[in-house]
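The values are calculated or read from the model by the stated rules, or taken from the named source; none is laboratory data. Given the structure is predicted, the values throughout are model-derived calculations rather than measurements. Cβ: placed from backbone, ideal geometry, glycine included. Neighbour counts: every protein chain shown.
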Amino acid sequence: MYLKQQTVLKERLRAILREQYEIELPALVVEQPPENKFGEFALPLAFELAKKLRKAPRKIAEEIVARLAAEPLAGFASFEVAGAGYINARLQRAEAAQALAKEMKLAPEELAAKPLHALVEHTSINPNKAAHVGHLRNAILGDTFVRLLKAAGNRVDVQNYIDNTGVQVADIVVGLIHLEKMRLADVGALMERLTVEGERIDYYCWDLYARVSQWYEADEAKKAERKQMRLDTLHAIEHGGNETAEIADKIATAVLRRHLETMLRLGIEYDFLPRESEILHLHFWNLAFEQMKAKGVLYFETEGKNKGCWVMQRPGTERAEAEQDGPDEDAKVIVRSNGTVTYVGKDIAYHLWKFGLLGKDFGYRKFFEYPSHSCWISAEEGEADHPHFGDAQAIYNVIDSRQADPQANVVGALMGMGYTEQAARYTHFSYEMVALTPRCAMELGYAVPEEDQGRAYIEVSGRKGFGVKADDLIDKLVAATKSEVDSRHPELEDAERAEIAQKIAVGALRYFMLKYTRNSVIAFDFKDALSFEGETGPYLQYAVVRTRSIFRKAETTAEQALTELAGVEIDGMLDGEENEAIWAVWLRAGKTSLLLEQCIQTAEPAYLAKHAFQLAQEFSNFYRKHHILTEENAAKKTLLLATAAVTQRELVRSLQWLGIDAPEVM
């Protein structure tokens, strides 16, 4: 409702500016007043026009308001000039509420104007150990953004990039071969034994990875020899066709399957798993290399520190005229002098494939089954009948902020090759790390020195074995929630209580990861995440549960309450200070589609999380001030029930986009 009326207002204003001033403003800023009593929209355009028209902003605002008043605009009650030149616009509140009550789903005009084929890559955990709490932020951010894009009408492919030939997988193989003295058959026997004993291969690798990392540094005299073992192992894995590579594939595939099982606990699913091994063995880079040379993006350096390398100029760097004759020492190396391709080079080739610009494709095999679809994995030779991935119009890569430079280099390469439209639709969806509060670390059994117990957070480290495995975190959240649900609802069957606990735990975790903007460091804490008060997932879920209780007691449904509002005259029931709490709920509920648009434009799901929390707060304030079930005025009671109903509808919709389910009871 709000976004629709904002669009109507903008169109009218553009028409007035053309007719009265012969001015086109491509971007019209529409703000939201600090309090509803000032109206629902605030327009600062008079300040922008002041220099062009050489008039005082207030005079311009008065002229525009006069034009708006001369031809009434559907859905608006009035316009007025405020302060030095703001224009405040007021909605017809009753009309807006009636319209919103009928919106059982987002109207077509509130969806993406031109739906895109978007590709979102997220999670992308090295398949060498169990997923940890930091990986959960990536996966939850990515999955939520996928839900937002789909809600706006876009076609979305969800990809999870698997670096199965990298150094971290090599470290596990070094541990198996050199520390555990295993061959391929022994690794197979290990995996069978772990399955029988109910142990997890990703947990086993978690401990082995920490041991290997310490082993490399343990003996100064053997440090160089052990690092060479690592390098030799890495090269064997990259080359393929040998026992070392087979061990790596066996372990990486098993760990990957565990990762998918872990993420499924949070409702996170994927469509395609492109692997580094196929990018190497299908020679994606060769095709990219030829394109980049042909288009002048790459050049061969013949002097300086990068002599013998193929390099490209870093994006955003300009060389002084005096430096033009010498080598560009800051150039980005893409192919080293020994002929090996850097990470950025392989990433450029991969992104040319994503945009359908490479001229080559993966083979595809089914790998993992979800209730509604199959997840495919890359292969050198795949199944004949398969969906097609790639050829995206927009790409979103959920990768932490430390990868900003490699991501910028990929964009720079696309720009240099002339793919400007694709580069403009390439988004590095960056985020900061997740740490633990000292309290959380101690609850998980870690020894935290007294001098560190007052710190805001403690960083985790997989190499040191210090961190929270994702499954352990989920298990602990579920257990804590189950205890609370058991005490509150002993009358329910155990399976039902377990399901409720699972929904609350997942909601708590997902909301905690989403409520912070992406550029914020998160310090995870069990108590904060699980609280039923404040800005938490359980608080929002409880708001939905409360609305359901209202409708059970009223012996009706939310849908029925919204339908019945259409037959009631509510003019005046949303005006005045005594009804401000009612209107605040309707106005906030009407902004859901606006928040969807903002989240996609800014790639920031935190805005939707905040919106859902504010709606729950508005509803709580309304609930305290108005006694729904005992209201004697029939028309007013219908409005109050519809207010609870629109809260439920928009909260449930928002929570679904956040990947959160609200249980029936809490």
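What to note about this one:
- Flag for F76 being under 31 Å from the mean Cα position of the chain (by Cα) and touching a residue at least 40 places away in the same chain (Cβ under 8 Å): no
- Some residue of the range 110-118 being under 18 Å from E11 (Cα atoms), of a type outside the set (G, A, S) and at pLDDT below 95: yes
- K105 being free of Cβ contacts under 8 Å to residues at least 24 places away in the same chain, under 30 Å from F512 (Cβ atoms) and within 26 Å of the chain's Cα centre (by Cα): yes
- Exclusive hit being under 30 Å from A424 (Cβ atoms) and either touching a Gly at 6+ places or on another chain (Cβ under 7 Å) or crowded, with 23+ Cβ neighbours inside 10 Å (or both), set L658, L651: L658
- Per the conditions (1) more than 22 Å from G267 (Cβ to Cβ); (2) of a type in the set (A, V, I, L, M, F, W, C); (3) surrounded by 20 or more Cβ atoms within 10 Å (Cβ to Cβ), the sole criterion not satisfied by L595 is (1).
- Scanning the range 598-607 for residues that are assigned to a helix (DSSP H, G or I), surrounded by fewer than 23 Cβ atoms within 10 Å (Cβ to Cβ) and not hydroxyl-bearing (S, T, Y) yields Q598, I600, Q601, A606.
- Just one of the listed residues (V158, V174, V212) is under 26 Å from F368 (Cα atoms) and among the β-branched types (V, I, T), and it is V158.
Residue by residue, here is whether (1) outside the structural domain of S374 (by TED's automatic domain parsing); (2) of a type in the set (F, W, Y); (3) in contact with a Gly (Cβ under 8 Å, 6 or more places away or on another chain) holds:
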residue: I172; (1), (2), (3): yes, no, no
residue: G175; (1), (2), (3): yes, no, no
residue: G188; (1), (2), (3): yes, no, no
residue: W206; (1), (2), (3): yes, yes, yes
residue: R211; (1), (2), (3): yes, no, yes
residue: Q228; (1), (2), (3): yes, no, no
residue: D232; (1), (2), (3): yes, no, no
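- Residues of the range 65-75 classified as at pLDDT below 95 and buried (at least 19 other Cβ atoms within 10 Å of the Cβ), total: 1
- Tallying residues that are of a type outside the set (S, T, N, Q) and in contact (Cβ under 8 Å) with a residue 40 or more places away in the chain within the range 401-424 yields 12.
- The range 175-192 - residue that is free of Cβ contacts under 8 Å to residues at least 24 places away in the same chain and acidic (D, E) and, of those, nearest to K222 (Cα to Cα): D186
- Test for K222: is it surrounded by fewer than 22 Cβ atoms within 10 Å (Cβ to Cβ), in contact with a strand residue (DSSP E or B) (Cβ under 9 Å, 6 or more places away or on another chain) and assigned to a helix (DSSP H, G or I): no
- Unmet requirement for A56, which otherwise passes all of (1) over 24 Å from the mean Cα position of the chain (by Cα); (2) within 21 Å of K4 (Cα to Cα); (3) surrounded by fewer than 18 Cβ atoms within 10 Å (Cβ to Cβ): (2)
- Qualifying residue in the range 78-90 (condition: assigned to a helix (DSSP H, G or I) and surrounded by fewer than 17 Cβ atoms within 10 Å (Cβ to Cβ)): no
- Residues that are in contact with a strand residue (DSSP E or B) (Cβ under 8 Å, 6 or more places away or on another chain), surrounded by fewer than 20 Cβ atoms within 10 Å (Cβ to Cβ), among the basic types (K, R) and modelled with pLDDT of 90 or more occur at least once in the range 419-427.
- Residue check, E238 closer than 17 Å to T340 by Cα, assigned to a helix (DSSP H, G or I) and acidic (D, E): yes
- Matching residues, the range 153-169, being surrounded by 23 or more Cβ atoms within 10 Å (Cβ to Cβ) and hydroxyl-bearing (S, T, Y): T165
- Considering the range 378-467, the qualifying helices (runs of 4 or more DSSP H), each wholly inside and each with 1 or more residues that are under 25 Å from L208 (Cα atoms) and of a type outside the set (K, R), run over 438-443.
- Residue within the range 382-396 that is crowded, with 17+ Cβ neighbours inside 10 Å and polar (S, T, N, Q) present: yes
- Tabulated pairs, the range 494-514, first farther than 14 Å from E664 by Cβ, second polar (S, T, N, Q), C-beta under 8 angstrom, 6+ apart or interchain: A505/T481; A508/T481; A508/T536; R510/T144; Y511/T536; F512/T536; L514/T144
- Residue check: S483 meets all listed conditions (1) of a type in the set (S, T, N, Q); (2) more than 26 Å from the chain's Cα centre (by Cα); (3) modelled with pLDDT of 95 or more but one, namely (3).
Listed here are the residues, each with its yes/no results for (1) crowded, with 21+ Cβ neighbours inside 10 Å; (2) more than 30 Å from R200 (Cβ to Cβ); (3) not assigned by TED's automatic domain parsing to the domain that holds F145.
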| site | (1), (2), (3) |
| --- | --- |
| K476 | no, no, yes |
| R488 | no, yes, yes |
| A498 | no, no, yes |
| E535 | no, yes, yes |
| T556 | no, yes, yes |
| E577 | no, yes, yes |
| W586 | yes, yes, yes |
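- Residue in the range 124-131 that is more than 24 Å from V646 (Cβ to Cβ), touching a Ser or Thr at 6+ places or on another chain (Cβ under 6 Å) and surrounded by 21 or more Cβ atoms within 10 Å (Cβ to Cβ) present: yes
- Meets criteria (of a type outside the set (D, E), crowded, with 16+ Cβ neighbours inside 10 Å and within 31 Å of the chain's Cα centre (by Cα)) for V311: no
- Scanning the range 645-662 for residues that are modelled with pLDDT of 95 or more and not in a helix (DSSP H, G or I) turns up L658, G659, I660, D661.
- Flag not set for E220, criterion: under 23 Å from V333 (Cβ atoms) and over 30 Å from the mean Cα position of the chain (by Cα).
- For the range 348-377, the set of residues classified as of a type in the set (S, T, N, Q) and not in a loop (DSSP other than H, G, I, E, B) consists of S374 only.
- The listed residue being modelled with pLDDT of 95 or more, closer than 26 Å to L119 by Cα and not polar (S, T, N, Q), out of K295, K354: K354
- The set of residues in the range 504-522 being under 24 Å from R402 (Cβ atoms) and either crowded, with 24+ Cβ neighbours inside 10 Å or in contact with a helix residue (DSSP H, G or I) (Cβ under 8 Å, 6 or more places away or on another chain) (or both) consists of L509, R510, F512, M513, L514, K515, Y516, T517, R518, N519, I522.
- Reported count of residues in the range 191-212, each being assigned to a helix (DSSP H, G or I) and crowded, with 18+ Cβ neighbours inside 10 Å, is 9.
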